[in-house]
Amino acid sequence: MEHIELFFKSIFIDNMVFATFLGMCSYLAVSKKVSTAVGLGAAVIFVLAVTVPLNWLLDQYILKEGALVWLGPEYAEYDLSFLSFIMFIATIATMVQLVEIIVEKFSPSLYNSLGIFLPLIAVNCAILGGSLFMQSREIPSLGLALTYGVGSGIGWFLAILAIAAIREKIRYSNVPPALRGLGITFIITGLMAIGFMSFGGMLTGGDEEKKDDKPKVEAKVDKVEVKKEEAKVIVAENTNITQ
Amino acid sequence: MGLLSKKDAALITDPLLDNNPITIQVLGICSALAITAELKASIVMALSVMAVLALGNVVISLLRNVIPSKIRIIVQLIVVAALVIIVDLILRAFAYELSKTLSVFVGLIITNCIIMGRFEAFALANKPWRSFLDGIGNAAGYGLILVIVGFFRELLGSGTLLGFKVLGDPIEKTGLYALGYENNGFMLLSPMALIVLGVIIWIQRSKNSSLIEEH
């Protein structure tokens, strides 16, 4: 259940492009054709699925405050978290290089479709952002880190696929000259982001209802107070508890 | 600009408008949008990027004859990451609240495409002083857009500038609010950053028709 919740949350609610603007550079540059957009999107899912769990392990066992305790009790006080930027980006850069070499060796056809995008990905904000959000949201387990990586990758994939499809179609419409290209892409992305905001209540809907209940109860309490003094005491106790 | 030759001054002034990193080169949008809901955060972000870009350009320019071209991306990333860590620690020490607002976006300066782009396109082929100027110029162009977007989003969204209530008090109904003006809370949400930026690009391109794209 936890996994499903995090999965959908990272795809729709915390969508990398529409909620946090991560990976915008390649999102704008590579979204002119659907076929290339699919290639880059798939590469992003793949790299996020590899690097987020890897960086989770790094964070948990090396960087966090007290994480080095597995080396011995005397290491418990070390806090290396200031090194996390450099460690994360080094992991990502080497992983991307490694993945490129492996894919080239074992699956030349996949390399031909994905390969050209892999170097681009090392400096894609979405990848580093995935790891940094994983760290700042304190994702509790390795499995959840994997789910988060895959989920946010799919979210990014959906976003670039959608904008590429729209940009292919918009070629036939009469956009004001000064808006053509970049300008209209920004505005469409903004409108899509507004659409994606509607997913916001999908998982938190239950919580918000609970908050709404409280004032209603208090309003009822006031009416009872007028009727009987005895009730007043009980109500007073109850309101203390609810507060 | 008595201190700088004409060529050097162009390094600073070009990226402000005609070769702006955000609106023309389409670089560094990732971090540009998420933190522009307040003017103060935009200014701090712009200054951080300026520090990292100017210093990083100098470092890469000094190392340009030593770096083997095959591993240059990793070397560049390490240089930026080291500089960003310094900026992050300084922010946490002197402006803790603000560094909370910026959260992961300080870290994301590392993958800000402007920085990698300028390293690749300029610092690897030029001398340190010119690279320094180029860094300052491009970061200023980036900062200019950030400040414009931040200005409009904060003014229209919460009626303040840098935290000062320039339009009057919305609760006590003074100033503009006495006339029935309301804040547009929508400006504070992320989609409006994109739309504001889209409008800025629209205005810029309709003033300068040579920038218009085919599609």
#### Entry: Scope region A:21-35; condition away from chain B (no Cβ under 14 Å) and either touching a strand residue (DSSP E or B) at 6+ places or on another chain (Cβ under 7 Å) or free of Cβ contacts under 8 Å to residues at least 12 places away in the same chain (or both); matching residues
A:35
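The rows are residues; the columns are (1) more than 15 Å from residue B:101 (Cα to Cα); (2) hydrophobic (A, V, I, L, M, F, W, C); (3) surrounded by fewer than 24 Cβ atoms within 10 Å (Cβ to Cβ).
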site: B:10; (1), (2), (3): yes, yes, yes
site: B:20; (1), (2), (3): yes, no, yes
site: B:24; (1), (2), (3): yes, yes, yes
site: B:33; (1), (2), (3): no, yes, no
site: B:39; (1), (2), (3): no, yes, yes
site: B:43; (1), (2), (3): no, yes, yes
site: B:50; (1), (2), (3): yes, yes, yes
site: B:54; (1), (2), (3): yes, yes, yes
site: B:57; (1), (2), (3): yes, no, no
### Task
Exactly one condition in (1) within 12 Å of chain A (Cβ to nearest Cβ); (2) modelled with pLDDT of 85 or more; (3) over 16 Å from the mean Cα position of the chain (by Cα) is not met by residue B:72; state its number.
(2)
### Task
Would you mind stating whether residue B:188 is more than 9 Å from chain A (Cβ to nearest Cβ), surrounded by 15 or more Cβ atoms within 10 Å (Cβ to Cβ) and closer than 15 Å to residue B:35 by Cα?
yes
### Query
Under the condition of being surrounded by fewer than 20 Cβ atoms within 10 Å (Cβ to Cβ) and among the aliphatic types (A, V, I, L, M), which residue from region A:104-143 is modelled with the highest pLDDT?
A:142
### Members of region A:167-183 that are surrounded by 20 or more Cβ atoms within 10 Å (Cβ to Cβ), in contact with a Phe, Trp or Tyr (Cβ under 8 Å, 6 or more places away or on another chain) and either not hydrophobic (A, V, I, L, M, F, W, C) or not in a helix (DSSP H, G or I) (or both)
A:183
### Summary
Cβ pairs under 6 Å, 6+ apart or interchain, first in region B:28-46 and within 14 Å of residue B:194 (Cβ to Cβ), second in a helix (DSSP H, G or I) and among the β-branched types (Val, Ile, Thr), ordered by first then second residue, are B:36/B:149
## Note on the structure
Within region B:197-211, restricting to residues that are among the polar types (S, T, N, Q) and surrounded by fewer than 17 Cβ atoms within 10 Å (Cβ to Cβ), the one that is nearest to the other protein chains (Cβ to nearest Cβ) is B:206
#### Entry: Some residue of region A:59-66 being closer than 30 Å to residue A:200 by Cβ, aliphatic (A, V, I, L, M) and assigned to a helix (DSSP H, G or I)
no
### Task
Name, by its number, the condition in (1) within 14 Å of another protein chain (Cβ to nearest Cβ); (2) not in a helix (DSSP H, G or I) that does not hold for residue B:166.
(1)
### Query
Restricting attention to region A:153-166, does a residue exist that is assigned to a helix (DSSP H, G or I), touching a Pro at 6+ places or on another chain (Cβ under 9 Å) and within 10 Å of residue A:49 (Cα to Cα)?
no
### Task
Working only within region A:11-25, note down all residues that are in a helix (DSSP H, G or I) and surrounded by fewer than 24 Cβ atoms within 10 Å (Cβ to Cβ).
A:11, A:12, A:13
### Message
Based on this model, can you work out whether residue A:44 counts as more than 11 Å from every other protein chain (Cβ to nearest Cβ), within 15 Å of the chain's Cα centre (by Cα) and surrounded by 17 or more Cβ atoms within 10 Å (Cβ to Cβ)?
### Response
yes
### Message
Can you tell me which of (1) outside any loop (DSSP other than H, G, I, E, B); (2) away from chain B (no Cβ under 14 Å) is the one residue A:78 doesn't meet?
### Response
(1)
### In region B:60-69, the residues that are in contact with a Ser or Thr (Cβ under 8 Å, 6 or more places away or on another chain) and either within 7 Å of another protein chain (Cβ to nearest Cβ) or among the aliphatic types (A, V, I, L, M) (or both)
B:60
### Subset tally (residues that are away from chain B (no Cβ under 14 Å) and in a helix (DSSP H, G or I)) for region A:124-147
6
### Query
Out of curiosity, is residue A:46 of a type in the set (Phe, Trp, Tyr) and in a helix (DSSP H, G or I)?
yes
### Task
Please work out which residue is nearest to the other protein chains (Cβ to nearest Cβ), limiting yourself to region B:80-99 and to residues that are within 20 Å of residue A:91 (Cβ to Cβ) and touching a residue at least 24 places away in the same chain (Cβ under 8 Å).
B:81
## Note on the structure
If we keep only residues of region B:97-112 that are buried (at least 24 other Cβ atoms within 10 Å of the Cβ) and in contact with a Gly (Cβ under 7 Å, 6 or more places away or on another chain), then the residue farthest from residue B:37 (Cα to Cα) is B:112
### Query
Before we move on, is residue A:67 under 24 Å from residue B:116 (Cβ atoms), away from chain B (no Cβ under 14 Å) and modelled with pLDDT under 85?
no
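The values are calculated or read from the model by the stated rules, or taken from the named source; none is laboratory data. Quantities reported herein were computed from a predicted structural model and do not represent experimental measurements. Positions of Cβ are generated from backbone atoms using ideal geometry, with glycine treated the same way; all protein chains shown enter the neighbour counts.
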